[in-house]
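Following: one structure in structure tokens, then a few remarks.
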Amino acid sequence: MSEIIQALRGMNDVLPAESAAWQALEHAARETFAAYGYREIRVPLLERTELFKRSIGELTDIVEKEMYTFDDRGGESLTLRPEATAGIVRASITNGLLHNQRQKVWCMGPMFRYERPQKGRYRQFHQIDVEALGFPGPDVDAELIMMSARLWRRLGLRGLVLHLNSLGTPESRKIYRARLVEYFRSHESALDADSLRRLDGNPMRILDSKNPALREVLAGAPLITDHLDPESSEHFAELRRQLDAVGIPCVVNPRLVRGLDYYSRTVFEWVTTDLGAQDAVCSGGRYDGLVAQLGGDAVPAIGWALGEERIVELMRLQGLAGDGAAPDVYLVLAGPAAEAAGLPLAESLRDALPGLRIETNCGGGSFKSQLKRADRSGARCAIIVGDDEVARQVATLKLLREDAGQKQVPLAGLAAELAPLMVARGGQPE
């Protein structure tokens, strides 16, 4: 026997029993985004490496340590996308989507980072990403956060807390950066190797350190909220006012700086205590300089991304994953005449009830084994057809999830009997 080929480390399979929660999340996201006027955009998994160096920042951990980068046969350096924002901005520039236009878009799909796999953090992971390009004011910041909050409500998620901060403009950050460097220089002996490396490149990243030994040093560092320019302070205050107006509470967290170089002004995270160390499930912020940085005009923009693996795990922990892919009906076929009639009967029911989930027993099997399959499928009911029923043009309808016995129904009346099953799960029979 040949050796079994295992999946790559950090590249996980999503099995049929798990996919229902993913589908529920993605369906809820699509419907929520449509309600706000956001449209789907699809961008490549592969981009030129220079795109991410220029957007994310050459001194970031992502670019320095985590990207899947290689030279193609033509000698060009390519990278599997580690995040979606840079590709969306690139696509908007190269396709002329920002010429006297504004865009509200979203995308979803796999991202890739070479890091140590752990719960909630994988080398291939999936994000749902939302971007608003061409909008300068705090109103769109508030809308994006409101949209994420509505998605949590739609999914039924509990206990998510919004952390909010402002990084100001690049000009105000220069002043803050100088104060920060001065402070960390005075505590240089307490800094770890990572922090020392970041001190000259991007000292704000030190605030993002998870090293518990630095907790006391970080607690005494200057706060960026004390160094905001007046316009950024006003922007931040108006954003908070609009969130208050719709009842979305937030924690102002001056240590929240995010891990990418392109952020400015508003940054935020939704966090939970249910997932252990991987507490952030959705993160985002404003990146007003990125479009120009990548060769476009000076266009303001903001966006967020959620990690699908983390949201799905949170759904599971909170009992919200369910099995939305279970069939409504399992068709049990006993005898050669019934087997011959089975597939045409199933097709006629799907025609009569668009959206009906009906699984037909294929491959034969005893009557008892078919009933076991019906029960394992999760179907609400079984339709039992034998050779005698085919001759009499009837079927036996048996409810599987409640003790209600069974009854015979004319084949011509099956659709009417099954319609309430679809209504019970939120389907729309026609």
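The values are calculated or read from the model by the stated rules, or taken from the named source; none is laboratory data. Predicted, not measured: the structure shown is a model, and the values here were computed from it. Because the Cβ atoms are built from the backbone with ideal geometry, glycine has one as well, and the counts that use them run over all protein chains shown.
Could you tell me which of the residues Leu228, Leu256 is touching a His at 6+ places or on another chain (Cβ under 8 Å), of a type in the set (A, V, I, L, M, F, W, C), touching a residue at least 60 places away in the same chain (Cβ under 8 Å) and over 20 Å from Arg153 (Cβ atoms)? First the steps, then the outcome.
Numbers: Leu228 fails: touching a His at 6+ places or on another chain (Cβ under 8 Å).
Unique residue meeting the criteria: Leu256.
Look through the stretch 61-76, keep the residues that are in a strand (DSSP E or B) and free of Cβ contacts under 8 Å to residues at least 12 places away in the same chain, and return whichever of them is surrounded by the fewest Cβ atoms within 10 Å (Cβ to Cβ).
The qualifying residue surrounded by the fewest Cβ atoms within 10 Å (Cβ to Cβ) is Asp71.
Any idea which residue in the stretch 31-60 is surrounded by the fewest Cβ atoms within 10 Å (Cβ to Cβ), counting only those that are of a type in the set (Phe, Trp, Tyr) and farther than 22 Å from Arg198 by Cα? Walk me through how you get there before you give the answer.
Taking the stretch 31-60 as the starting set, the residues that turn out to be of a type in the set (Phe, Trp, Tyr) are 33, 36, 38, 52.
Retained after the next criterion (residues that are farther than 22 Å from Arg198 by Cα): 33, 36, 38.
On the way: Phe33: 20, Tyr36: 15, Tyr38: 21.
Ranking the qualifying residues of the stretch 31-60, first place goes to Tyr36.
Among the numbered conditions (1) in contact with a Gly (Cβ under 7 Å, 6 or more places away or on another chain); (2) of a type outside the set (D, E, K, R); (3) at pLDDT below 95, tell me where Leu331 comes up short. Among (1) in contact with a Gly (Cβ under 7 Å, 6 or more places away or on another chain); (2) of a type outside the set (D, E, K, R); (3) at pLDDT below 95, the lone unmet condition for Leu331 is (3). Filter the stretch 67-112 for residues that are farther than 29 Å from Glu31 by Cα and touching an Asp or Glu at 6+ places or on another chain (Cβ under 7 Å) and give the result. If the condition is that a residue be farther than 29 Å from Glu31 by Cα and touching an Asp or Glu at 6+ places or on another chain (Cβ under 7 Å), then Ser77, Leu78, Thr79 are the ones that fit.
Taking strands (runs of 3 or more DSSP E) as the structural unit, those lying wholly within the stretch 352-405 and holding at least 1 residues that are under 34 Å from the mean Cα position of the chain (by Cα) correspond to 358-360, 381-386.
Filtering the stretch 94-101 for residues that are touching a strand residue (DSSP E or B) at 6+ places or on another chain (Cβ under 9 Å), assigned to a strand (DSSP E or B) and at pLDDT 95 or above leaves an empty set.
Tally time: how many residues in the stretch 34-60 are charged (D, E, K, R), in a loop (DSSP other than H, G, I, E, B) and in contact (Cβ under 8 Å) with a residue 40 or more places away in the chain?
Step one: filter the stretch 34-60 for residues charged (D, E, K, R), giving 39-40, 42, 47-48, 50, 53-54, 58.
With in a loop (DSSP other than H, G, I, E, B) added as a condition, the list becomes 42, 58.
If we keep only those that are in contact (Cβ under 8 Å) with a residue 40 or more places away in the chain as well, we get 42.
The number of residues fulfilling the criteria is 1.
Just one of the listed residues (Arg316, Arg376) is more than 30 Å from Gly276 (Cβ to Cβ), at pLDDT below 95 and of a type in the set (D, E, K, R), namely Arg376.
Here's the yes/no breakdown for (1) of a type in the set (Phe, Trp, Tyr); (2) out of contact with any Gly (no Cβ under 6 Å at 6 or more places or on another chain); (3) crowded, with 20+ Cβ neighbours inside 10 Å; (4) at negative phi:
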site: Val291; (1), (2), (3), (4): no, yes, yes, yes
site: Trp304; (1), (2), (3), (4): yes, no, yes, yes
site: Ala321; (1), (2), (3), (4): no, yes, no, yes
site: Ala325; (1), (2), (3), (4): no, yes, no, yes
site: Pro336; (1), (2), (3), (4): no, yes, no, yes
site: Ser348; (1), (2), (3), (4): no, yes, no, yes
site: Asp351; (1), (2), (3), (4): no, yes, no, yes
site: Ala374; (1), (2), (3), (4): no, yes, yes, yes
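Somewhere in the stretch 118-133, is a residue surrounded by fewer than 16 Cβ atoms within 10 Å (Cβ to Cβ), at pLDDT below 95 and not small (Gly, Ala, Ser)? Scanning the stretch 118-133 turns up at least one residue that is surrounded by fewer than 16 Cβ atoms within 10 Å (Cβ to Cβ), at pLDDT below 95 and not small (Gly, Ala, Ser). Of the residues screened, Leu418 is not one that is farther than 23 Å from Ala24 by Cβ, in a helix (DSSP H, G or I), touching a residue at least 40 places away in the same chain (Cβ under 8 Å) and of a type in the set (A, V, I, L, M, F, W, C). Screening the candidates Glu308, Glu339 for the property of being more than 30 Å from the chain's Cα centre (by Cα) and acidic (Asp, Glu) yields one hit, Glu339. For the stretch 155-205, a residue qualifies if it is among the aromatic types (Phe, Trp, Tyr) and touching a helix residue (DSSP H, G or I) at 6+ places or on another chain (Cβ under 8 Å), and the qualifying residues are Tyr176, Phe184.
Selection over the stretch 218-246 of residues that are part of a helix (DSSP H, G or I) and of a type in the set (A, V, I, L, M, F, W, C) gives a count of 8.
A quick yes/no check of all residues on (1) over 14 Å from Gly295 (Cβ atoms); (2) in contact with a Leu (Cβ under 9 Å, 6 or more places away or on another chain):
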site: Lys53; (1), (2): no, no
site: Ile56; (1), (2): yes, yes
site: Asp61; (1), (2): yes, no
site: Glu76; (1), (2): yes, no
site: Arg90; (1), (2): no, yes
site: Leu98; (1), (2): no, yes
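Set side by side, the residues Ser264, Ser186 differ, and just one is touching a Phe, Trp or Tyr at 6+ places or on another chain (Cβ under 9 Å) and either closer than 17 Å to Val161 by Cβ or among the small types (Gly, Ala, Ser) (or both), which is Ser264.
Any residue in the stretch 226-242 that is under 23 Å from Glu131 (Cα atoms), surrounded by 21 or more Cβ atoms within 10 Å (Cβ to Cβ) and small (Gly, Ala, Ser)? Yes, some residue in the stretch 226-242 is under 23 Å from Glu131 (Cα atoms), surrounded by 21 or more Cβ atoms within 10 Å (Cβ to Cβ) and small (Gly, Ala, Ser). Among residues of the stretch 102-115 being aromatic (Phe, Trp, Tyr) and at pLDDT 95 or above, the one that is nearest to the chain's Cα centre (by Cα) is Trp106.
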